[in-house]
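Worksheet: the structure to be examined is printed underneath.
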Amino acid sequence: MKFIIDNWMLISVAFVSGAMLLWPAVQGGAVRGVSAAGAVQLINRERAVVVDVCGADEFAAGHVTGARNVPLGEFEQRLPEVVKNKTVPVILVCASGMRANRALATAKRLGYEKAQVLAGGMKAWKEANLPVEKA
């Protein structure tokens, strides 16, 4: 006990440095996402359905080839119509990934356990030089 009292500053520094080392793992674990390459594998191997949660105008400007548009405001009502099979992987996409992350919670609540967000959104998709379709 005397050691702890005499060296409280050293113990505090060790604790803070350990927390700083673990922070990226904790933060990265909270954000679910699949890379563009991982999304392509899911689409090809497991017949994943790509759902774009952008508005109609953004969707028309450019989206993942074969994606279905379900704007975030209509997501809860329309997702069950668009993706009837809840066991198939669902990849949620938007411009940057922020709206898709909000949609992920709704998809999980509706029973789509294999739903994932495209990490980085359409920006990451385009940076990976993957095909973009315009309506």
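Expressed as a fraction of 2.2 N^0.38 Å, the value expected for a compact globular protein of N residues, the C-alpha radius of gyration of the chain is 1.42. With kT/(6 pi eta Rh) evaluated at 10 °C and eta = 1.306 mPa s, and Rh the Kirkwood radius from Cα pairs, the range 29-68 diffuses with a coefficient of 139 µm²/s according to Stokes-Einstein.
Once the piece of chain linking Ala60 and Lys114 is laid out straight, how much longer is it, given 0.36 nm per residue of separation minus the C-alpha distance between them?
Gain on extension, Ala60 to Lys114, equals 16.8 nm.
With the simple model of a label 7 Å out from the Cα in the direction of the Cβ, Val88 to Val132 spans 2.5 nm. Counting Lys and Arg as +1 and Asp and Glu as -1 over every other residue whose Cβ lies under 12 Å from the Cβ of Ala95, the net charge comes to 0.
Remark: the Met1-Trp23 segment gains 5.0 nm on full extension, using 0.36 nm per residue and subtracting the alpha carbon distance. When restricted to Cα atoms, the range 47-103 yields an Rg and a Dmax of 10.4, 30 Å, respectively. Taking each residue as 0.36 nm, the span from Ser35 to Phe15 lengthens on full extension beyond its C-alpha to C-alpha distance by 3.9 nm.
Every number here is computed from the coordinates shown, using simple stated rules; none is lab data. Since this is a predicted model, take the numbers as computed values, not measurements. No Cβ is skipped: glycine too gets one built from the backbone with ideal geometry, and neighbour counts run over all protein chains shown.
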